[in-house]
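The values are calculated or read from the model by the stated rules, or taken from the named source; none is laboratory data. Computed from a predicted structure; not experimentally measured. Don't worry about glycine lacking a Cβ; one is built from the backbone with ideal geometry, like all the others, and counts go over all protein chains shown. Note: areas computed on protein heavy atoms with side chains; ligands, DNA, RNA excluded. Shrake-Rupley method; radii C 1.70, N 1.55, O 1.52, S 1.80 Å.
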Amino acid sequence: MHVESFKDLLHAEPFQPFTVHTVSGAAYLVDHPDFVWLTRGGRTVYINLPDGEGERVKIVDTALVERLEPKAASPE
């Protein structure tokens, strides 16, 4: 995964939630930019898990990210 792609999604205005898909098949929703942190060097991303999972954080090596999938906008 290109770190710039991650940064583009993270800093988009307005922010759109997206899912991080790993090569192992795991998927993690990033529902707000305040709940994810990319290290300065771009090697690791920390994702605070949503939906009642409390204070759990998933640590992901960005080299193992297969794709980033923007969440489809809901129809109004």
Per residue of the chain, what 222 nm ellipticity follows from adding -39500 (n - 2.57) for every DSSP H run with n ≥ 4, rounded to the nearest 500? -3000 deg cm²/dmol
For Rg and Dmax of the Cα atoms in Å the list reads [x] 12.0, 39; [y] 18.8, 56; [z] 12.7, 42; the calculated value is entry [x]
Report, by chain and number, residues whose modeled amide H sits under 5 Å from the one on residue 44, excluding near sequence neighbours (fewer than 5 apart, same chain). 39, 62
Got a sec to turn the phi values of region 8-15 into Karplus ³J(HN,Hα) couplings, 6.51 cos²θ - 1.76 cosθ + 1.60 with θ = phi - 60°, whole Hz, x for Gly and Pro? 4, 5, 5, 9, 4, 10, x, 5
Pull up all non-local amide H partners of residue 67: gap of 5 or more, or a different chain, and H-to-H distance under 5 Å with H placed in the peptide plane. 21
Rounding to the nearest 20 debye, state how big the charge dipole of the chain is about its Cα centre with +1 on each Lys and Arg Cβ and -1 on each Asp and Glu Cβ. 300
The chain - accessible surface per residue (Å², probe 1.4 Å): 69
Using the Karplus equation 6.51 cos²θ - 1.76 cosθ + 1.60 (θ = phi - 60°), what ³J(HN,Hα) coupling, rounded to whole Hz, does each residue of region 31-46 give in order, writing x for Gly and Pro? 9, 7, x, 6, 10, 9, 9, 9, 5, 4, x, x, 7, 9, 10, 10
